[in-house]
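Bear in mind that the values in this text are calculations on the coordinates, not laboratory data. Keep in mind the model is a prediction, meaning the values are calculated, not measured. Neighbour counts run over all protein chains shown; Cβ positions are idealised from the backbone, glycine included.
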């Protein structure tokens, strides 16, 4: 929000003025109102590792994160470019494998990756799209440039918070929306449904879409139910579906009804016990047969995890040049690949300054944030790295953007990141907004909700 | 609509209805406790407690858990006991979990309503109950159940979700009225007598009426003293009394007929036959072979209908819809 201690960045000026006119007591009351409303509406998530069924609110901060129009349009072009590239990469590695033959990426990194699904080879997908919904995590660094932290192409979650946070802000502070033009986000469910319709199997005029959830005890169940309702599609579990003659049906009170597109929020491993994990109760036996036969489409495709794996991440800028012949608009965070001896040596010598991540980790689990760790934690992590160097990457900590945030002691700067959602079908669409996550502990860089992070509304201004 | 959704909604409605019934039974027992001693209070009080447990079908499981049937154990068991599937806590929990799982199939207002009811009961305990007062709490529970029905009526599109909620409500309600009738008249063997022959009997009868919130209705319809025969008639035949067997079975028939769309003819026939017998019958011939056997026969036909609904709509054999 601030350029330096005494100047407010121009796009925050309106908000800062408003904040100056608003009493602390009123803000406190509004924060309380927001908590109550989130509880009543039931916008909760479940925390893994706690007693099953424990529902918590993600802390919501009433200070929005504001992005000026110019910055957003650059970001948008960058996201579009990145997602197009990653889709081209997925089509390639499950098809011709040109990028492997060119020597740009070591083949074993792709073909030997646990997220690489050889079952996907030789399948032609509608519009050649693999990642229909991508959640690309970006941060704005001290230099004003945006860096991609990771590309989430499997089952990215959190978009319901983008929508609910906006609804909450409009309800709490309607006067703020009259003061400046903030781009609306509420057409996301429509855009998502359009995207899913556009990738139905060929020749289907009015495709039936369903959202496949692992069930009411999944951490993101609220979001699954919310999106299904907003799109007006059935929310199904594996037990509701059956495959007859390579065709997927859902069991309804009027008999079996065919499904053409499944927006699945179940991981690859659990989708079809005939092909993947045999013990999965969440999937649908025969789903892969129907998929291979082109009788149903899945969003996202199976096997997209190979493109958002942290060991592949360092190659994305090269991929942009390779597939699109363009120079990358968004930066990568410089990354040390610990499978390389030099990078390993450097990392081990600089652990207290670096962030080290498991290549296949997600959700902020299994990472070391050097500057925020104790000696003992660092030594413990060193041993884990040495046991399997190829399983890790390391990155310098960036001077991340901060945004004023309500904490116990009042307003204080806290680190934030941003997850915009990119929809890819017949066309690529990005709703102007995203999920801003905020680290609630002073100095912390970890924003994941599973690690106690909070969220903010994200405002894209329609003018600079 | 998904079969699983239909099943969850049906049970959601049953649980809401059950919460309402439990609150009414507890409320009545509490009223009896306030009566003067000479009216045979202690006997009636114990009867109203065990009667409530019987009507909710949990008398045995209560006795397995508590040695004595006293007010505190009675209230603990029926309000807070998480192991008692008929407690207000359990029924609201189950209804809210169904609502949460099926929030896409119901209106947002309905989910928010059941969720806020649940959040309050979740945070309620024995001390909280005493601080608030039992009658106030029970009034609140009844209002919550009524609010949920009203919000359903006012916000839910009339699709199959609505129909399954209706079916659940009326099956549970018919079941409850049957249990109450059985509790009061099942033992008499013959037909209910024309006049209440003691003060205690008068209290038992008014209990029955209050437990289905039909005391004022009775006065309005009959403009006469409370008599066992008239109470029985009202609860069986009067289709204008919302909790009578005639009213419930007629509602079930209409819902099932609409759902069937010309299919499941045998199920529709069963529903229609039961509804019209109860609606157009007369007490003398209905009770010809004894009150108890009449009530048992209605109960078993109701169960057959409930099974038929499951077989046709909730667990049907896999046939591709045309």
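Remark: mean inter-chain Cβ contacts per residue of B:304-317 equal 1, using a 10 Å Cβ-Cβ cutoff to other protein chain atoms. Can you give the log10 of the normalised intensity I(q)/I(0) at q = 0.23 Å⁻¹, computed with Debye over equal Cα scatterers of segment A:343-464? So the normalised log intensities are -1.29.
In the P(r) worked out for segment A:334-397, what percent of Cα pairs fall beyond 16 Å? Roughly 33 percent, rounded to a whole number. The calculated FRET efficiency for the pair residue A:372 and residue B:126, based on their C-beta separation and a Förster distance of 45 Å, comes to about 0.50. For the protein assembly as shown, the convex hull drawn through the C-alpha positions has a volume of 196 cubic angstrom per residue. The relative contact order of segment A:202-295 comes to 29 percent, based on Cα pairs under 8 Å that sit 6 or more residues apart. Dividing the convex hull volume of the alpha carbon atoms of segment B:158-322 by its residue count gives 114 Å³ per residue.
Take every Cα pair under 8 Å whose residues are at least 6 apart in sequence, average their separation, divide by the length of chain B, and the relative contact order is 21 percent.
For the protein assembly as shown, the antiparallel share of DSSP beta bridges with both residues in that region comes to about 75%. Normalised by the number of residues in chain A, the mean separation of alpha-carbon contacts (under 8 Å, six or more apart) gives a relative contact order of 23 percent.
In chain A, the DSSP-assigned H stretches of four residues or longer account for a calculated mean residue ellipticity at 222 nm of -9000 deg cm²/dmol, using -39500 (n - 2.57) per stretch and the full residue count as denominator. Averaging Cα coordinates gives a centre for segment B:51-88 and one for segment A:408-442; these two points are 51 Å apart. Considering all different alpha carbon pairs of segment B:138-200, the Kirkwood hydrodynamic radius works out to 14.9 Å. Taking each DSSP H run with n ≥ 4 as -39500 (n - 2.57) and averaging over every residue of chain B yields -23000 deg cm²/dmol at 222 nm. Find, to one decimal place in angstroms, the Kirkwood hydrodynamic radius of segment B:42-127, where the mean of 1/r is taken over every pair of different Cα atoms and then inverted. Radius from the Kirkwood sum: 14.2 Å. With viscosity 1.002 mPa s and temperature 20 °C, the Kirkwood radius over alpha carbon pairs of chain A converts through Stokes-Einstein to a diffusion coefficient of 92 µm²/s.
For segment A:405-452, the spread of Cα positions along the three principal axes, ordered from largest to smallest, is 49, 20, 13 Å.
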